[in-house]
Each structure stands twice: as C-alpha cells, then as structure tokens.
C-alpha cells in the first residue's frame, strides 16, 4: 500500500488533489455545499465595516439566493495607507450576522496566528487570498484544521501551482479544500485581471476538488460581473464569490467593483437560468 | 458636420467602431447572420484537404446545427515545414461544398493579392487571422471591399488594439466586421492560449460590432472546448467558430485540437440550452 | 546527405536557423556588419518626415557613432487616424540621405508588393515589424531576395516562434537574417512592453543569426533607453536600433519615446564602455 | 509639517519609498553595503544542507568576490513533497559559517513567528521571497525590526506593487529595505520567469532604495546567468544574488539552476569589467 502511494506520488505533482485520488469532493459549510448539484453562492461586502452594513448586505444577498456570506475582517491591501480591516472585531460582527441570518461565513485569514480567533468564532470557511496562495506556512497550519479552506489562485500562479498549494492542505489531513479562480496577471488592462475561464474545465479534469469563481476581483469593475458569473457557471464552476455593497460610493474597500444588491439579484436570476441549462441549480 | 466628426475622433480611438456610432451591427453572410438573436455557428476542419473531407465534415456539422463552414485554404503556419494549405484549389473545394450544402464559407486571407481569388469564388466571409490582426495593408484593402470580414484578435493585442484594427476596415467603408476572441498569450500553459472571456462583455460595452469566440485555438485541446463554448455563449458572444474533423489523427493541420463530429453535436446541444438561458437561439 | 538533412529537420523546429547549422552569420549592409566584433548601431527618426529632418538626425547620430540609419517610410500604426508614412517618397528621401552620409538604410516593409520600390532604391536592410513577424507571405517573398532582413519579434511571440519565422526567410534561400528583440506584452505597465533581455543569451545558444535590441519600442519612454541599451550590449547583443529625433515634440510619430541627439551621443559613450567590457567595440 | 506629509501621501502611492523622500538609501549589513559604489554580491546555495556544504560554497564564492552569503533555511517549495529546509538548524549553520568566513548572511523568512530565531542568530539580512511579497502581516512585523530586509518582487506583481510592499516595511520605521527583481510570469518559456530588466532603471527613477537582481531564479537555467548578471549591472543594479553549488547534481533544491563555483568566478570577472564600465566596482 505504501509502495502504491509512492507510485502515485511519482505520477502526479499533487497525488492527493489529483482526479483519480478519490470521488468528487463535496465541502459542506453549514447550509452551503461546494461541489453539489446546487451551486454555492457566496456574496457580501469586500470589508466588514459595521454590523449594520454587513446585516443590510447579508439580508439582501440572502433574499436573492446567496448561500454564504463573505466579508473581510483581515484585509490584505496593496498599500499600508488603505483601510486594513477590523480584524477580530470583524469576525465578531460576522458571527453575529450569521446568528441572525443563518448564513455560513467565508472570510480571509492572512496569518496562522489568527487561527484561534477564527476557531473561537467558529468561522465556517477560511479563505486564503491570492497573495497568500504560496504562503506555505499558513497552508500547513490550515492542513492541521478540520475546517473548510477556500484557496484562491495567485495572480502569477499556474493551475499546477494552485493544485500543489492545495496539496499542502490535503497533505496535512484537511480534505475540505475549495479552489477559486479569480483572474491572472496579463497585458490586457480593460479588466483588473484576466479571468482564466479555461481553468474551470482544466481543473475539473485534474482534480476532485470543487472550484468556484470570483468575477469581482477578476473584473475590477461591476458592469461585466454578471456576464462573467454566467460564463463561470456555464463552464462548470461549482459556485461564485461576489462582492456586493448597498452603498459602494462609501465602501471602505473596493467599492468601485461592488455590485448593488439589485444588480446582484438580477445576476442571480441569470445565473439560475444558466445553471439549469447545464444541469445545476442556484 | 465635419467638426462633429472631428470631435468624435478625439473622443474615441475608434470612432466608427465605438458603441455610440450606430445601432448594433448585424452582418449577414448568406444564411448566417452575426449579431442576431440566433447565434452564428461556424464549424469545419482546420485546413481544406480534399473535397471529400470537407464535404464529410460539412454534412456532419450542418446536421448538428452549424450555420457556416470554416476551412483553411491559405494557412499561416509557424513553421515553413508544416502543410501550407491548398491555396486557390482550396477555395474551389469550399465553393463546391457550399453549392452542395448551402453553407456560407468562412476562410482566411493572408495577403491582399489573393483578394481576386476570394471574389472569384464569392467567399462569404474573409477571415483575418490573429497573426495578421495588425497587417494594416491587408486591413485597408479589405476596407475597400463590400464583403464581411472576420477579424481575430492577436495573441499579444489588447481589446483597444483589436478595435483600432477593426477601425481600419470600417474607415475604408466596409461596415461588415465581425470580431473574434481566440485567446491571448499568458504564462498559463495548460491551454495553448488563455481565452479572455471578459473581452466579450467589454467589447459589448465598447462596440456595436458582433463578437464571436474561437474556443478551439484558445484551448489547443479538444476536451475543454465544449465548456469554453458554453461559457462564451453565456457571456454574450454572438457566435462560435469551432474546428471539427472526422478523422483528427490524419488531419494535415491541428488535428490534436479538433472535435469529432459527435462531440460537436453534443456540444451544440449544450450550447442551445445555454443560448436559451440567455435569451438567444442556436 | 539528404537523409542527414532529414534528421536535422526532425531534431529542430528551425533546422536552418539552429546553432549547429553553420558558423555565426555575419550580415553585411554597406559599411554596417551585424554579428561582427564591432556592434551595429542603427539610429534615426521613427518616421521619415522631410529630407531636412532625416538629414539633420542622420548627421547627428553618425557623428555619435551610429553605423546605419533608420526611418519609417511605410508605417504600421495602431490607428488609421495616425500618420501613415510617406511611402515611396520616404524611400527616396532615405536614399538621398544615404548618398550624402554614406549610412546604410534600414526601413520597414509592410507588404510584399512594395518590394520593387525597396529594390529600386536599393534599400540596404528590409525590416519586418513586430506586427508582421508571422506574416508568412511576406517572409516567403523576402526569402527569395538577396537583401538583409531585420526580423522583429512579435509582442506575443515566443523565441521559438521568432526562430521559426526566421526559418521562412532562410528556407527561401536568403541567409541574411538579423533578429531583433523589442519587448513582449506583459502585465507590467511602467514600460510599453517588457524587454526580454534573457532572449539575447537564449538566442545566442539557439541560433547562429545576429541579434540586435530595440530599447526604444520596448521602453516607450526615453529616460530608460540608455540603461536598456547598456544592458543589451552587456548581455551579448550584436547591435541596437534606437529612435532619435532632434525635435521630438513635433515628431509625426512616437516623439514621446525618441532620444534627443545629445542624449543619444551620451548613450553611445556608455555603450562603447560596456562594449569594451564584454570584448566588443561600438 | 503634517499637512506637508499629507500632501506627499496624496502625491505618491509610496511616499516613504518615493525618490524625493530622501537621498539614496545605503543599507549596510556587516561588510556588505547595498547602494554603494561597490556592488553587493550575494552568493551561495539554494538551500542549507550541511555545514560542510555551506562552508565549501562560501569559501569559493568569497574567493571569487562575493560580499555576502545566501542559503535557505526555511524553504518555500511549490510542492509539500519537496525538501522544506533545515529551519532553525539551518540558521545555526549559517551563523557558524559566518563566524569562519566573516560573510554576512542573507536568508529567507517565511513567517513572522520565526523572527526570534533570526534575531537570536543575528541574521544580517532577512529576505522576503517573491511568494510572500504581499504577505502584509510579515511585512509589518519586519517594519518593526531594525534589520535589513531584502524584498523580492512577486512574479505577478507590478513595480508599483513592489514599492507599495516596501512601503509597509518603511512605514513601520525600518528604513533598510533592499529591492530585488527576480523575473515575472510571462508567456515565454525558454526561461523560468522573464527578467524585467527595465525594472532596474524604472525603480532608480521611482525610489531611493537599493535594487539588486536575482538572475538565477529568473533564468531557471545556469547557462544564461552570466549574461543576465552582466546586463543587470550594466542597467544600474546595486548588486546581485546568485545561486552557486559545488555539486549541483546532488543539491537538495534547485540544483539545475545553480552555477558551479568556477562558473561563478568567471562570471565575477565579467561583472567586474562591466561594473567598471558603468562607474561601479565589484
């Protein structure tokens, strides 16, 4: 058996993540399931600002069909002069909103030392941001948890490197990894990053892990997000993660790319139709 | 009026192609219409090899719902040692297959001196390949024709440069330009190019010209072409151009990325469902 | 012997361009030699505007050490509304300036039909622009000439594709091909393109053809051109092609990236020192 | 004064790193100075394996002119199945080799919790790897130290993002930041990454911080490293960081791109000549 495993490790740079390693993985996080027939739709503001703000957005996206709530408490920002997030206070707010809405929470962890805070507030899905995709120390410690991990692809990282990063978490014994395509760095500047839509079917061939798409960070502009969301679902994505804010012009973070709740609801109507066309639900 | 035009030229790098310049352009090529509610589906072999080969593939793709036939007579090949195409003889074959099937023909022109051959055989849509997107001499001469031009985006060219290239044709007075996204050069190597799916909605905002997608050249592998085709339609593309061959292992060109006729037919079933989900037909 | 050749063709995608095919190629164009110990330095304005302009710039760059004169008569411009060049009249001006200065002329050909004009004016080096690197029709016709060809790398093209493009010319029997690295399309936007400096030593390993560098189009800004020129020479380039204009603010083309004659002269002093440090002259 | 600062912050996304903020920064680390007339040359093995190995390589590179020693104790590896480094034991080995050679030590820190180990062994320069360039938690904690930080550019990160990452460290009060260009992700695959040589002069315009170049990771192959090193120095780099191993075929990490000590010595001879040509020493 160990020699068997040895052979597999030679055959693939990511033996545990590889398609043949096991049946399609379904990752459950409270109500939301990633990898099921029904799509997982994560929506919410870029950053947690106030409980009122999160609750307002959460109510709107839940009504529109979101199955999980996003919101950044720890914020990786390119500039030290940008809003850095409410940190643990943000986690508290998210937990209180979960209590009121029942929506599971997806929020980013930037450093392993914050793990106790995430556990204390029983955060449902720990997100590893694109900039931390190869923060192997963090990945190893998340591998020791039994909590779902949402792993975003780095902007300069290949599909193979994404799967190798996932392998770090799986290797630690944590089987609940969700992959997320969010755009790569290319020369094209009409969008902030270039959504690599091919990565969805390629990953479906390569791995048993569920794959979702973040059209918000790929686009960096709200007007094309619905089109990207429809494309992602048509290509076979298991879900979406979308930034929504009820008052983007006053958002403390990335307001310029947030969808308004009404636009999100309209997007969800489209997504539902496309999902049905490919044998899924939303 | 001329001062009006002067102002427009300042406002946009592509005043004639710009969204505001006119209503959505519909390009008709015999039965096929690009930009209509019904999608235009171009399918066929990479290269014209024999009349029998083209006729076989044409029959199969027509039965599956293709509305136009592709097939290269003049082939731009990276290597001088690769099959270079049948040239005018290829155009003759395409014209004969059109006679038998009624399918309009889309085929590539590499050099303006071949225009008389294309006119003689009344080729329906003259394709400008990605490698010639900025062959401005060719674009100017196509601008003088009154024949539809299918303009593929260069692998290192931005959306803005694509629209400026289209502007060359429009500026010559030829209003029938169809844009085609076919993947850009990026670091990701699981696909031959990276299909820039965002270019579809971005172009829909920027221009009134119809936009189709070539999933075959973007992918460079057949297995993910159906997923890319579905995504393209979901994102709002007005059509597809797909390589199909009944005997890929003996194809003289790009056999490795061609779909088999049955796979194409299955793809069309999916495409039809996704098209319906976004208010289109196929 | 023919079976020998057959083997080579299998071994390399560019058997005639490959390092092992022959000794280092030296391309002579009047006084300038590409691939010699002494660097070939091509300088001049982006576009030919008037004889006076070209003569002024030519005199200044010659005094500073340039060994060939550049100047565009046929101009590939992204926009049809940009200055398109003086065409044959531009070739005449270049020829007259050559008569007065003795400097060989390097100028771009965009279409094979212009070849007779280039021959009539005995243009010394026919340049194929980056946008035409895979204009295979043009490459084939240049292969039939016995005139040096300067082949610029496409912005989305790999080193391998550049060598395959060169192979088209060599395959036609024209052995005098000079390669030119001029920057590739990447996500970095502090420069217009990203100069792929590694391509110099990689090409030196792969081919016997001389390689020069165009720092002007790579940078798209004059301030860093001297640094890129020094780097190119240090990396082993056989020469440079640099845009110089005596009055950039009134240039009809790319004035924003042109060096002033004095800056070019200062750059040449630096280049001479670096050349000496790597066993070359300038 | 605070309003003055307010203005600067508006004017630049990296007010402390910006060129105008102060005179050229010189970072001293024992004998080595980054940003001085004399280049800083860091050399050594990819990973610390044994004291004997490090000592052997250190002796050879010191004899050839290296002014600092590199060697990874904590190794960020794409795969969890690759050698992960000796961790603190590696720092001990480096410290012992420093005692014997006098060479200051440059080694990577992957996680802030290891800072006490780095301080305990008085590591001279703490390197932040490309994959951690936007690990903002780590950057903030390094900002609180008074130890030089070597910040490598991320493979998908722009020059602006690199300077914003440096700003995190400067903002914490640590003025001793050294920038490092090590190649970016592009479509070109003849090298592992594409060395962005233009970043050197661009950074010299934008910032007062010293800039070095890592030709080893950019190239991913040893044969072209000397050419890239010469180019970097010619372009104005303040130093180099190069992987050297006396027995690459048995190296536990990245042996395939390591220079042999003799090749490094030959490279240094070249680098010295180029340095002299641009008014520097090595």
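Every number in this text was worked out from the coordinates using simple rules, so none of it is lab data. Keep in mind the model is a prediction, meaning the values are calculated, not measured. Every residue, glycine among them, receives a Cβ derived from its backbone with ideal geometry; neighbour counts consider all protein chains shown.
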Rounded to the nearest Å, the spacing of the alpha-carbon centers of the stretch D:219-234 and the stretch B:205-247 is 41 Å
Helix A:159-171 sits off the longest principal axis of the Cα atoms of chain A, rounded to the nearest 10 on a 0 to 90 degree scale, by 80 degrees
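With both bridge residues required to lie in the stretch B:98-228, what share of the DSSP beta bridges run antiparallel, to the nearest 5%? Walk me through the intermediate numbers first.
On the way: 1 of 14 bridges.
About 5 percent, rounded to the nearest 5.
Quantify how strongly other chains surround peptide A:150-161 by giving the mean number of their Cβ atoms within 10 Å of each of its Cβ atoms. Please list the in-between numbers first.
On the way: counts 0, 0, 0, 1, 7, 8, 13, 8, 7, 4, 5, 5.
Average neighbour count from other chains, rounded to a whole number: 5.
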Mean-square fluctuation maximum in Gaussian network of chain C, Cα pairs under 10 Å, restricted to C:75, C:100, C:152, hits C:100
Between the alpha carbon centres of the stretch C:15-89 and the stretch C:128-173 the gap in Å comes to 16 Å
Output row for residue D:89: copy-to-copy label distances, label 7 Å along Cα→C-beta, ascending, in nanometres, one decimal, is 4.6, 7.1, 7.9
Rounded to the nearest 10 degrees, the helix A:88-101 long axis (Cα) sits at an angle to the longest Cα principal axis of chain A of 80 degrees
Ranked on Cβ counts within 10 Å of their own Cβ, fewest leading, C:81, C:14, C:168 go C:81, C:14, C:168
Checked the stretch B:71-174 with the C-alpha gyration tensor, a ≥ b ≥ c its square-rooted eigenvalues, rounded below a/c of 1.5, otherwise prolate if a/b is larger than b/c and oblate if not; verdict oblate
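Quick one: compute the contact order of the stretch D:158-282, relative version, from alpha carbon pairs under 8 angstrom and 6+ residues apart, as a percent.
Working: 183 pairs, mean separation 24.3, N = 125.
Dividing the mean separation by the residue count of the stretch D:158-282 yields 19 percent.
Helix-only mean residue ellipticity at 222 nm, chain C, DSSP H runs n ≥ 4 weighted -39,500 (n - 2.57), per residue, nearest 500. What is it?
-11000 deg cm²/dmol
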Here the relative contact order (percent) of chain D, from C-alpha pairs under 8 Å and at least 6 apart, is 21 percent
With label points set 7 Å from each Cα along the Cα-to-Cβ direction at residue C:50 and residue A:281, the distance between them in nm comes to 7.7 nm
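Shape of the stretch D:12-144 from its Cα gyration tensor (a ≥ b ≥ c, root eigenvalues): rounded if a/c is under 1.5, otherwise prolate when a/b > b/c, or oblate?
Working: a/c = 1.98, a/b = 1.21, b/c = 1.64.
Oblate shape, in that a/c is at least 1.5 and b/c is the bigger or equal ratio.
Rounded, prolate or oblate: which fits the protein assembly as shown when a ≥ b ≥ c are the square roots of the eigenvalues of the alpha-carbon gyration tensor, with rounded for a/c under 1.5 and prolate only if a/b beats b/c? Let's see the in-between values first.
Values: a/c = 1.60, a/b = 1.06, b/c = 1.51.
Taking the square roots of the gyration eigenvalues as a ≥ b ≥ c, the protein assembly as shown is oblate.
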Among beta bridges assigned by DSSP with both residues in the protein assembly as shown, the antiparallel ones amount in percent, to the nearest 5, to 15 percent
Answer check: the stretch A:158-202, Cα atoms, Kirkwood Rh, Rg/Rh ratio of 1.08
Between the alpha carbon centres of the stretch A:180-196 and the stretch D:248-264 the gap in Å comes to 35 Å
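Going by how many other beta carbons lie within 10 Å of each one, how would you line up B:216, A:78, fewest first? Intermediate values should be presented prior to the final figure.
Working: B:216 27, A:78 20.
The fewest-first ordering by Cβ neighbours comes to A:78, B:216.
Would you list D:272, D:98 from fewest to most Cβ contacts within 10 Å?
Working: D:272 18, D:98 21.
Neighbour counts put them in this order, fewest first: D:272, D:98.
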Computed on Cα atoms, the radius of gyration and Dmax of chain A in angstrom are 17.6, 59
Protection proxy (average C-beta count within 10 Å per residue), highest first, orders A:232-245, C:186-199 as A:232-245, C:186-199
Taking every DSSP bridge whose two residues both lie in chain A, the antiparallel percent to the nearest 5 is 15 percent
Taking the axis of the rotation relating chain A to chain D, the A residue whose Cβ comes closest, together with that distance in whole Å, is A:156, 1
Of D:250, D:217, D:117, the most mobile residue in a GNM of chain D (C-alpha springs, cutoff 10 Å) is D:250
Shortest first and in nm, the label-point separations between residue C:189 and its counterparts in the other identical copies (7 Å out along Cα→Cβ) come to 0.4, 2.8, 2.8
Helix B:225-235 sits off the longest principal axis of the Cα atoms of chain B, rounded to the nearest 10 on a 0 to 90 degree scale, by 30 degrees
Per residue convex hull volume, Cα only, the stretch D:144-282, in Å³ is 120 Å³
Label model pair residue B:89, residue B:11: point-to-point distance (7 angstrom along the Cα→beta-carbon line) in nm is 5.3 nm
